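In what follows, a single structure is set out as structure tokens and then discussed.
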Amino acid sequence: MKLTDSVLRSFRVARIYRKNSQKINCVDFSQNGENAVTSSDDDCIVLYDLLEGKVAGTLFSKKYGVDLIRYPHGDRETVVYSSNKLDDTIRYLSLTDNKYIRYFPGHTASVTALSMSPVDGTFLSSSLDLTIRLWDIRSQNCQGLTSTLGKPICSFDPEGLIFAASVDSKSVDLYDLRAYDKKGPFAHFETKFSRVCDWTRIAFSNDGRQILISTNGGMIRVLNAFSGAILHTFSGYNNSKGLSLEACFTPDSQFVMIGSEDGRVHVWSTESGMKVAVLDGKHPGPISSLQFNPRYMTFASACTSTIFWLPFVDD
């Protein structure tokens, strides 16, 4: 099945899981699309088996907290996550025996982004300590570091060759991974929104041609990844409280989705710039996290509940 406007409008709630007492702050799918993991402000890590359609386990990080959580490249039995209690060390956890494999110390303030390489075991982190760090999953030592002049967020491109970083919600810099800490950015794009807002996430489309900027200001933006030109600015969804709501591309790069304060999901076409769907999942609170499955026709939206959606179309 191909994603089209009508297919997106047909998505309905398939499963609702109420495993959390506080806000879910991150959702991630394994690379093969068969598993999902959520982290939340109540220190829970919930694992989902999507082929069986069930919760596969619940783990806790009560001492350290858990904020941003990611599956490493090609792995669904471990996760890497940042902490929001005690310290700012990043942790590498085995999901099969609930034991830490490795710690990645170095950041001295909250981690603002975690981005896993799509091709190998490296990953990027950015922090309010005004640094971006490159790590290898096999070593606790930082593999590279660049300092920024303001709050950074970062993301790998789909080929794992370059990464994008934004600084102080004003610009996007592109770096060559092989020499970023020596040569600095090879491209710099300035872009300003019509209202004051913090940029909360940056992400490439899977075709590598677009960059998506999420904000806390009720607006999101799509840039041309080569020129920095503004392709679309999307608004018209509820975010009156300045919440950090996560937007995402669909895997085919043809649509952008974001949850809203009123619990609905808004979808736009990246080709036409038109809104194509508003989906109501009856979320009891703001949709803080939203991600589309990279392999299967389903997506997850989360507030304090996690909802998985499926299309319901006539054959």
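The values are calculated or read from the model by the stated rules, or taken from the named source; none is laboratory data. Just so you know, these numbers come straight off a predicted model, no measurement behind them. Cβ atoms come from the backbone with ideal geometry, glycine included; neighbour counts cover every protein chain shown. Accessible surface is based on the protein model in full, side chains and every heavy atom, while ligands, DNA and RNA are left aside. Shrake-Rupley method; radii C 1.70, N 1.55, O 1.52, S 1.80 Å.
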Please work out how much accessible surface MET274 shows to a 1.4 Å probe, ignoring ligands, DNA and RNA, in Å² rounded to 10. 120
What's log10 of I(q)/I(0) for the range 75-169 at q = 0.22, 0.23 Å⁻¹, Debye sum over Cα points only, no solvent? -1.15, -1.24
In the neighborhood of ALA300, defined by Cβ-to-Cβ distances under 12 Å, what is the net charge if each Lys or Arg adds +1 and each Asp or Glu adds -1? -1
Residue by residue, what Karplus-based ³J(HN,Hα) values in Hz, rounded to whole numbers, does the range 157-173 have, using 6.51, -1.76 and 1.60 with θ = phi - 60° and x for Gly and Pro? 7, x, 9, x, 9, 10, 9, 9, 9, 10, 10, 6, 6, 10, 8, 10, 10
Please give the Cα centre distance for the range 76-140 versus the range 278-313, rounded to the nearest Å. 26
How would you order 176-188, 19-31, 234-246 from highest to lowest mean count of nearby Cβ atoms within 10 Å? 19-31, 234-246, 176-188
Convex hull over the alpha-carbon atoms of the chain: what's its volume per residue in Å³? 120
So for the range 21-241, if I pair up every lysine 8 or more residues apart or on another chain, how many of those pairs have alpha-carbons under 22 Å apart? 20
Mind checking which of SER126, TYR48, ASN216 is farthest towards the positive end of the range 21-241's charge dipole, using Cβ charges of +1 (Lys, Arg) and -1 (Asp, Glu) about the Cα centre? ASN216
So what does ASP136 come to for accessible area, using a 1.4 Å probe and Å² rounded to 10? 20
How high is the relative contact order of the range 104-153? Use alpha-carbon pairs under 8 Å, at least six apart in sequence, and give a whole percent. 33
What are the residues whose amide H is under 5 Å from the amide H of THR122, where those residues sit 5 or more places off or on another chain and H is modelled from the backbone? SER117, ILE137
Which of ALA225, SER117, HIS107 sits closest to the plus end of the dipole of the chain, meaning its Cα is farthest towards the positive end, when Lys and Arg get +1 and Asp and Glu get -1 on the C-beta? HIS107
